[in-house]
Amino acid sequence: MSAPITPPDRPRLPWDPPEHFEKRVPDGDNRERLVCGRCEFIHYQNPKVVAGAVCTWGDKILLAKRAIEPRKGFWTLPAGYMELGETTEQAAQREAQEEACATIEIDRLLAMYSVARIGQVQIMYRARLVNADIAAGVESEEVALVDWADIPWDQLAFPTVVWALAHFHESRHKADFSTYSNPTGDLARMWPPRKPAGV
């Protein structure tokens, strides 16, 4: 049984699929997909990949205050959606440049977080600033290099920012460590954002 794509209580939007697509379970599948009613083409909708980095200059950490929604006015790490044709490392470097006018060198993979409720996979690196020249990009109200003691924990934008900072802190002086993933316990329940116990 197919379902209408565009809810009747709103007009069609540019990213809505064409009207001849319908939601149904294709033959041999086990979940509802968008299927073309003319040719049976299946339009798969998959999670988005976000890439970013915990960037340091000496002992200081780069933070950017968001100038856009969601969570405008809250602090975050440079990160954003990957573009076609780039690696996750290139995406993290581009996001640091776009959000903080920062040039970074990737050190190593820090963590990979699955955020199923919003359809994201977030890949975070450990990185170093090439120099201390930073400035707010178009998506940032301001940027700052902050000491660990000065991180505004209750003003961080997202739980994954708290996770990445906590995992960075735990691995900061380690050359070799296992890549982190979604935390459990208290760290997993970081909403509203706050300083995790023990860091």
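Each reported figure results from applying straightforward, stated rules to the coordinates on display, with no laboratory input. Values in this document were obtained by computation on a predicted structure and should not be read as measured data. Neighbour counts run over all protein chains shown; Cβ positions are idealised from the backbone, glycine included.
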Problem - FRET efficiency, 1/(1 + (r/R0)^6) with R0 35 Å, evaluated for residue 97 and residue 12 via beta carbons - result: 0.45
Handout entry: Net length gained if the chain between residue 112 and residue 189 were fully extended (0.36 nm per residue, minus Cα distance)
Key = 26.0 nm
Problem - Nonlocal Lys pairs with alpha-carbon distance under 26 Å, the chain (8 or more apart, or different chains) - result: 9
Handout entry: Gyration tensor verdict on the range 48-173 (Cα atoms; rounded if a/c is under 1.5, prolate if a/b is larger than b/c, oblate otherwise)
Key = rounded
Handout entry: With at most 15 neighbouring Cβ atoms within 10 Å, loop chymotrypsin sites (Phe, Trp or Tyr not before Pro) (DSSP) excluded, longest segment of the chain
Key = 45-176
Fill in the blank from the handout: In the range 8-76, the GluC sites (Glu not before Pro) that sit in a DSSP loop and have at most 10 other Cβ atoms within 10 Å of their own Cβ are 40
Exercise for the section: Return the distance in nm (one decimal) between the two label points of a simple spin-label model at residue 19 and residue 133, each offset 7 Å from Cα along Cα→Cβ. Expected result: 5.4
Exercise for the section: Let me have the relative contact order for the range 100-169, percent, based on Cα pairs under 8 Å that are six or more residues apart. Expected result: 33
Completion exercise
For the chain, averaging the sequence separation of alpha carbon pairs under 8 Å that lie six or more residues apart and dividing by its residue count, the contact order in percent is 19
Fill in the blank from the handout: In the neighbourhood of residue 53 defined by beta carbon distances under 12 Å, the net charge of the other residues (Lys, Arg +1; Asp, Glu -1) is -1
